[in-house]
Amino acid sequence: MAGDGYIVPADPQAQASLNNKTSVSRSWILIDCRGEGTILDVDKYAIMQRVQIHARDLRILDPLLSYPSTILGRERAIVLNLEHIKAIITAEEVLLRDPLDDNVVPVVEELRRRLPPVTVNAFHQGQEYGGENLGGQNDFEAGEEDESPFEFRALEVALEAICSFLDARTTELETAAYPALDKLTSKITSRNLDRVRKLKSAMTRLTARVQKVRDGLEQLLDDDDDMADLYLSRKLAGASSPVSGSGAPNWFPASPTIGSKISRASRTSAATIRGDENDIEELEMLLEAYFMQIDGTLNKLTTLREYIDDTEDYINIQLDNHRNQLIQLELFLSSGTVCLSIWSLVAGIFGVNIPYLWNTGHGNMFKWVVLLTGMACAFLFILIISYARYKGLVGS
């Protein structure tokens, strides 16, 4: 590790000092198959040399660049970019970027808890009861058979973490959105409208994030060759099968972990010879489970979007109703203004102080003309309103 950069043990003091560093993009945590973590402060060239990937693959994990969520299988590593989880998985270790991030810390703890294989403890327990205990050996072999490859266990932890994270954000959004929408339907105010607008923006951003993760899993599930590239242990076993016969007996007593790996490698090599190298059922079942989970989260967001759209339609109907009421009021006022204008015109003509012939000797005629004009204007007003109701312009 001398050429890989400066290595610091994973203790609280090292994490505190790492938190003060300005170059956060250089911080990685390495978790091996025993669940032990080591903080690394190395550059990208050391990472590329360690896991043997290209610069374009490492660029996908750059937090300063925006790349879609993806799971890429390479010759000796899996490049994993799922939102805040940016990791490189090999057949024996996991490199996780930005381990001090609040969203990444739970992933690190879960990897430390779940990556150590159970078969090692079973092997030690079998040795405590004696090497000739065939039942213990059978239990160890059975546990070994049931153990998933290291890269799949690490991948499962990452998928479970990102699916749980997005589902939790969706639940929080639902908890805040539904009461706000119900409150808006009961009382339309600027404050309620602004709150719903912010929640809708948050829902749009969260939907885009969930959709990217779902598209990444769907794209991987649609290509069997890409899924076959994720079987790193199978590739490792195929590469070491010519010499595995002589090396296995010497390594197995010294290290149970290495012995179990070699035993698995020999069985995987035998499966490859039988033509099972295209068997991707285990990985396919793993990906389908989390694809269904992320698809369920997307369905929740879709249901929330439909509820928001229904609320918007309801509010638009209410606004249209208020607008129609204002139009009715305007029609009443306009009709009344027209009738009053006619009545005022007649009253004004008879009320001018100008002598003319037909007004001479008819002192009471002015009162009758004004009264009849008022009755005619009232009748005209009723006629206009009746015609508007007949045409459906106003409500009954």
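The values are calculated or read from the model by the stated rules, or taken from the named source; none is laboratory data. Bear in mind that the values here come from a model prediction, so they are computed numbers and not experimental data. Here Cβ is always computed from backbone atoms with ideal geometry, including for glycine, and neighbour counts include all displayed protein chains.
Go through Asp194, Asp215, Asp223 for me and flag whichever is in contact (Cβ under 8 Å) with a residue 60 or more places away in the chain, loosely packed, with under 15 Cβ neighbours inside 10 Å and at negative phi. Walk me through it before giving the result.
Working: Asp194 fails: in contact (Cβ under 8 Å) with a residue 60 or more places away in the chain; Asp223 fails: in contact (Cβ under 8 Å) with a residue 60 or more places away in the chain.
Selected residue: Asp215, the only one of Asp194, Asp215, Asp223 that is in contact (Cβ under 8 Å) with a residue 60 or more places away in the chain, loosely packed, with under 15 Cβ neighbours inside 10 Å and at negative phi.
Restricting attention to region 169-184 and to residues that are of a type in the set (S, T, N, Q) and loosely packed, with under 15 Cβ neighbours inside 10 Å, the residue that is nearest to Lys300 (Cα to Cα) turns out to be Thr171. Comparison of Ile47, Ile29 shows that the only residue that is surrounded by 15 or more Cβ atoms within 10 Å (Cβ to Cβ) and assigned to a strand (DSSP E or B) is Ile29. Only one of the numbered conditions (1) exposed (fewer than 11 other Cβ atoms within 10 Å of the Cβ); (2) over 29 Å from the mean Cα position of the chain (by Cα) is not met by Glu306, and that is (2).
The conditions of being at pLDDT 90 or above and more than 20 Å from Leu230 (Cβ to Cβ) are met by Glu306. Out of all the residues in region 99-109, is one or more modelled with pLDDT of 90 or more, crowded, with 16+ Cβ neighbours inside 10 Å and more than 20 Å from the chain's Cα centre (by Cα)? Checking region 99-109: at least one residue is modelled with pLDDT of 90 or more, crowded, with 16+ Cβ neighbours inside 10 Å and more than 20 Å from the chain's Cα centre (by Cα).
Which members of region 34-56 meet the condition of being of a type in the set (Lys, Arg) and in contact with a Leu (Cβ under 8 Å, 6 or more places away or on another chain)? Talk me through it step by step, then tell me what you get.
So in region 34-56, the residues of a type in the set (Lys, Arg) come out as 34, 44, 50, 56.
Scanning region 34-56 gives Arg34, Lys44, Arg50.
Can you give me the ranges of the helices (runs of 4 or more DSSP H) entirely in region 161-246 with at least 3 residues that are basic (Lys, Arg) and either closer than 30 Å to Leu96 by Cα or over 15 Å from the mean Cα position of the chain (by Cα) (or both)?
In region 161-246, 190-221 are the helices (runs of 4 or more DSSP H) which contain 3 or more residues that are basic (Lys, Arg) and either closer than 30 Å to Leu96 by Cα or over 15 Å from the mean Cα position of the chain (by Cα) (or both).
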